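The values are calculated or read from the model by the stated rules, or taken from the named source; none is laboratory data. Worth saying up front: this structure is predicted, and the values here are computed from it rather than measured. Neighbour counts run over all protein chains shown; Cβ positions are idealised from the backbone, glycine included. Ligands, DNA and RNA are excluded from the accessible area calculation, which covers all protein heavy atoms including side chains. Shrake-Rupley method; radii C 1.70, N 1.55, O 1.52, S 1.80 Å.
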Amino acid sequence: MPAKIPATVVTGFLGAGKTTLVRHLLTHAQGRRIALIVNEFGELGVDGEILKSCGIEGCSDDDVVELANGCICCTVAEDFLPAMKALLDRPNPPEHIVIETSGLALPQPLVRAFNWPEVRSRVTVDGVVTVVDGPAVAAGRFAADEAAVSAQREADDSIDHETPLSELFEDQLACADMIVVNKADLMDGGAGATAAALRERARRGVQVIEAAMGAVDPAVLLGLGVGAENDMEARHEVHHHHHHHDDDHDDDGHGDHDDHDHEHEHGHDEFESFHVDLPELPDPAAFQAAVSEIIAAHDLLRVKGFAAVSGKPMRLLIQAVGPRVDAHFDRPFAAGEARATRLVVIGLAGIDRPAVTAALTAAASPETAPA
C-alpha cells in the first residue's frame with residue numbers, strides 16, 4: 001500500500017499570521033510539491049489571492065484550493081472532503097498538503113474528518129500548527145489569558161461564562177502539536193515568557209517556538225509524523241456540542257456527515273464581514289494611518305486586502321490587526337488586471353457597515369491626501 005500523504009493543519013486566531021507563515025513555507029519549499037487548501041472567513045478570497053500567482057517557484061494556481069464563505073469545520077462534507085479527494089486523485093498528487101483554516105474554525109472536527117473512509121487510507125495529519133499573535137496573547141487580548149478572564153468575571157457580574165473567543169483559543173491550543181508564537185520581534189524580549197506560559201497550557205510534549213513574520217523553517221513545520229487523527233481523545237474541546245460519528249457510517253460508507261458537521265456551535269454569529277471597493281490610493285501612508293484609526297473607532301478585528309497606488313505598477317498588500325497596519329508591494333499588476341482597491345473588514349456582529357465604508361472611502365479620497 002502506498003504511503004499516506006502527510007497533511008499539516010495551520011490554525012490560529014484572526015490576524016495571528018497564518019497566511020504569512022504559509023507563504024514563507026511555500027517560498028522555502030525547495031522543490032517539494034506542496035498543495036494548499038485555504039479556508040477564510042469573509043466574502044473576498046484575500047488569503048487565497050495572496051498565495052495565488054505569487055511568483056513562488058513550483059506554486060501554481062492549481063495548487064491553491066480556496067474554500068471561501070464557510071467555516072471549514074462546518075462544511076467538511078460539502079467542501080473539504082471533495083477538495084481533498086480532488087488533490088489525491090491527481091495523476092501527480094502533492095507530496096504534502098497544507099490546510100490553512102479560517103481564524104474562526106475549530107481544528108478538532110477537521111482533524112476528525114481524516115478518519116472518514118474517503119480519505120483515511122490515503123492521507124494523515126502530520127501535525128496541527130497553531131499560530132498565535134504573541135503581543136496579543138501577552139496582553140490577554142481575545143480572552144486568551146485565563147487569569148484575566150477570571151479577574152474580569154469577578155469584576156463584572158454580567159460575565160458568568162467564557163466568551164466564544166476564549167473558548168475558540170483554548171480549542172486551538174488543545175489541538176496543537178506545535179504552537180508558533182508569532183510577532184516575537186514586537187515583544188521587547190517578552191516572547192520567551194509568553195512561550196513558557198503557553199507551554200504550560202498545552203498538552204505535554206507540544207512544541208512551542210517563537211517566530212517573526214511567520215519565518216519558520218519548513219524542516220521544523222513539516223515532518224512531525226504525529227498522525228493526529230488517531231489521537232483525538234487527547235485533543236479535548238472546550239465545546240461539547242459535537243455529535244461524533246467517526247465510526248458510525250451509513251450503508252453507503254459516507255457516514256452521517258450532515259449531523260456531524262452542523263450540530264456544533266461556536267459563536268460564528270458573533271462575527272461578520274464585508275468587503276469595500278475603493279479607487280487607487282493617492283497616499284498609501286496616510287491611508288494606512290487612517291485604517292488604524294478606523295479600526296480603533298469601530299472596534300474592528302481585522303482589515304485586509306489589496307490596493308492600487310497611483311503611479312505605482314505594483315499591487316499593495318494591506319493587513320491590519322488592532323493598531324498595527326502592515327503593508328508592502330507584493331507583485332506587479334497583471335496585464336488586463338483591474339487597478340482597484342478591495343478590502344475585507346471583519347469584526348464582531350453589529351458592525352456599522354455604512355460608517356466604516358464611508359470612513360474608508362474618505363481615507364482613499366484624493367482630497368484627503370497631502371498636497
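Using modelled backbone amide H atoms (1.01 Å from N, in-plane), which distant-in-sequence or interchain residues come within less than 5 Å of Ile99's amide H? So Ile99 has HN proximity to Thr8, Val9, Val10, Ile37.
The phi torsions of the stretch 168-180, fed into the Karplus equation with coefficients 6.51, -1.76 and 1.60 and a -60° offset, translate into couplings of 4, 4, 5, 5, 5, 5, 5, 8, 6, 9, 9, 10, 9 Hz, rounded to whole numbers, with Gly and Pro shown as x. As a rough guide to protection, the peptides 3-11, 214-222, 97-105 ranked by mean Cβ packing within 10 Å, highest first, stand as 97-105, 3-11, 214-222.
What's the carbon and sulfur percent of the stretch 271-364's accessible surface, probe 1.4 angstrom, rounded to a whole number? Can you show the working numbers first?
Numbers: 2270 of 3850 Å².
Carbon plus sulfur share of accessible area: 59 percent.
Using 0.36 nm per residue and subtracting the Cα-Cα separation, the extra length available between Arg120 and Ala358 on full extension is 80.8 nm. Residues in the stretch 271-364 average 41 Å² of solvent-accessible surface per residue, probe 1.4 Å, ligands and nucleic acids excluded. Here the stretch 271-364 is assigned +1 on the Cβ of each Lys and Arg and -1 on the Cβ of each Asp and Glu. Its dipole about the Cα centre then comes out at about 240 debye.
Between Asp89 and Thr27, the simple spin-label model (points 7 angstrom out along Cα→Cβ) gives 3.6 nm. Computed over neighbours whose Cβ is under 12 Å from that of Gly223, the net charge equals -3, Lys and Arg +1, Asp and Glu -1. With a ≥ b ≥ c the root eigenvalues of the C-alpha gyration tensor of the stretch 271-364, is it rounded (a/c under 1.5), prolate (a/b larger than b/c) or oblate? Prolate.
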